[in-house]
Amino acid sequence: MTEEMRRNLMFNPGGNDDVAARTIIKGATTGLFNLNAVKYPWAKSLYQVMIGNFWVPEKISGLKDDARMFYADLSAEEQKAYKGILSFLIFLDSIQTVNLPHFSDYITSPEVNLILSIQAYQEAIHSQSYATILESVVESKDRDEIYYFWRTDKILLERNKYIGQIYEDFIQEPTDEKFFRGIVANFLLESVYFYNGFAFFDTLVDRMKMLATGRMIAYIRRDELTHITIFANLIREIRREFPALYDEKLILEMMQTAVEQEIEWGKHILGNRIPGINSKTTEDYTRWLANNRLAMIGIGPLYKDAVTNPYKHLDRLQDPNSDKGNFFETTVVNYTQSSSMNGSWDF
């Protein structure tokens with residue numbers, strides 16, 4: 001697994017765009033986006049959903065009410081969590097915006113390259129969303145503190161360094177092993193690292209606090225569910241097409257590390273003085289979530305006792321105008337069976 005990955009050529013006149021010759025990585029296409037014939041129907045389905053999810057933060061109303069509520073109604077602990085969680089979310093979406101093209105360069109399926117490009121655009125929209133929240137809700141003197149909270153918070157710095165170093169290792173030395181590790185890291189970032197933060201904002205909304213921020217987070221979460229699905233399918237396709245590259249032991253080790261980091265961070269930034277959230281729910285939710293995410297890639301539970309979600313209010317707070325959130329959580333496996341599909345893209 002130490003072989004060096006081969007970056008896609010910008011234009012390869014000797015390439016072969018036939019569906020039968022197409023592979024998720026290590027293929028040799030011409031470089032043209034021939035989307036009239038696709039091998040991976042899950043990418044086609046995701047494209048249609050991701051385009052349908054289009055939104056911009058400027059259209060979210062009510063942030064002025066959140067600004068008043070932030071100082072008048074949130075406790076000191078809630079204000080700290082609000083700022084710290086935003087700092088971590090800003091880092092995650094920032095690094096993904098820059099990171100995704102580096103991995104897309106090695107994906108040799110135009111339909112998958114297409115949805116990775118849409119994902120990178122959505123990550124940039126998320127970064128703009130956080131900027132809109134900060135500009136609207138918190139005082140200007142606090143904004144740099146939030147952006148650069150990792151400079152003074154050791155736990156957050158270690159979290160950011162862990163995921164950032166995995167990406168950087170692959171960019172500097174693009175071997176098979178480091179590519180697969182990076183793909184797993186992308187899956188963990190999208191599927192685990194955001195979610196205690198999301199649960200915090202949902203818990204505030206359940207108590208009728210920071211409703212506009214909650215709406216913004218709901219749109220972001222809806223996008224992230226499609227991103228999870230992309231990387232779940234990438235892992236499954238690598239397992240099917242390149243079994244020598246697939247390393248289930250590594251996935252489980254990285255998931256356990258992610259869970260431990262997320263629990264430590266959750267306890268650190270959320271504490272035990274926010275109604276609806278405590279150390280026990282943070283642990284139970286993160287372990288339940290890990291089992292849920294492993295199931296998406298066909299791996300059994302890592303935490304045998306984590307069988308229920310302790311945050312019952314999360315189901316009530318799904319976007320009322322869309323069932324896409326629940327749809328992707330529960331039926332992702334329907335899009336993991338790769339098969340040749342000729343014909344139109346069905347725009």
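The values are calculated or read from the model by the stated rules, or taken from the named source; none is laboratory data. Being a predicted model, the structure only gives us computed values, none of them experimental. Because the Cβ atoms are built from the backbone with ideal geometry, glycine has one as well, and the counts that use them run over all protein chains shown.
Any residue at all in the stretch 270-277 that's basic (K, R) and part of a loop (DSSP other than H, G, I, E, B)? Before the answer, list the steps.
Filtering the stretch 270-277 for residues basic (K, R) gives 273.
So of that shortlist, the ones also part of a loop (DSSP other than H, G, I, E, B) come out as 273.
Yes, the stretch 270-277 contains a residue that is basic (K, R) and part of a loop (DSSP other than H, G, I, E, B).
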Report task. For K154, state whether it is surrounded by fewer than 22 Cβ atoms within 10 Å (Cβ to Cβ), within 28 Å of F70 (Cβ to Cβ), more than 16 Å from the chain's Cα centre (by Cα) and without any contact (Cβ under 8 Å) to a residue 40 or more places away in the chain. Result -> yes
**Report entry** Single residue of the stretch 61-107 satisfying the filter (within 30 Å of N186 (Cα to Cα) and among the charged types (D, E, K, R)) that is nearest to the chain's Cα centre (by Cα)
**Finding:** D93
Report summary line: Exception for K280 within (1) over 25 Å from P310 (Cβ atoms); (2) free of Cβ contacts under 8 Å to residues at least 40 places away in the same chain falls at (1)
**Report entry** Hits in the stretch 150-180 - residues which are farther than 23 Å from G84 by Cβ and among the aliphatic types (A, V, I, L, M)
**Finding:** I171
Query raised in the report: Restricting the first residue to the stretch 195-208 and requiring it to be over 13 Å from T282 (Cβ atoms), which pairs with a second residue that is polar (S, T, N, Q) and surrounded by 24 or more Cβ atoms within 10 Å (Cβ to Cβ) meet a Cβ separation below 8 Å and a spacing of at least six or different chains?
Result: F201/T213; L204/T213
Report task. Confirm whether Y71 is surrounded by 16 or more Cβ atoms within 10 Å (Cβ to Cβ) and either hydroxyl-bearing (S, T, Y) or in a loop (DSSP other than H, G, I, E, B) (or both). Result -> no
Query - Set V38, V49: member being under 21 Å from I217 (Cα atoms), surrounded by 13 or more Cβ atoms within 10 Å (Cβ to Cβ) and either touching a residue at least 40 places away in the same chain (Cβ under 8 Å) or in contact with a Ser or Thr (Cβ under 9 Å, 6 or more places away or on another chain) (or both) - result: V49
Report summary line: Residue hits (the stretch 252-305; within 22 Å of R181 (Cα to Cα) and among the polar types (S, T, N, Q)) are Q256, T257, Q261, T286, N291, N292
Query raised in the report: Do we have any residue at all in the stretch 285-300 that's within 30 Å of W55 (Cα to Cα), in a loop (DSSP other than H, G, I, E, B), at pLDDT 95 or above and aliphatic (A, V, I, L, M)?
Result: yes
Query raised in the report: Among the residues of the stretch 119-141, is there at least one that is over 20 Å from S45 (Cα atoms), in a loop (DSSP other than H, G, I, E, B) and either in contact with a Lys or Arg (Cβ under 6 Å, 6 or more places away or on another chain) or without any contact (Cβ under 8 Å) to a residue 12 or more places away in the chain (or both)?
Result: yes
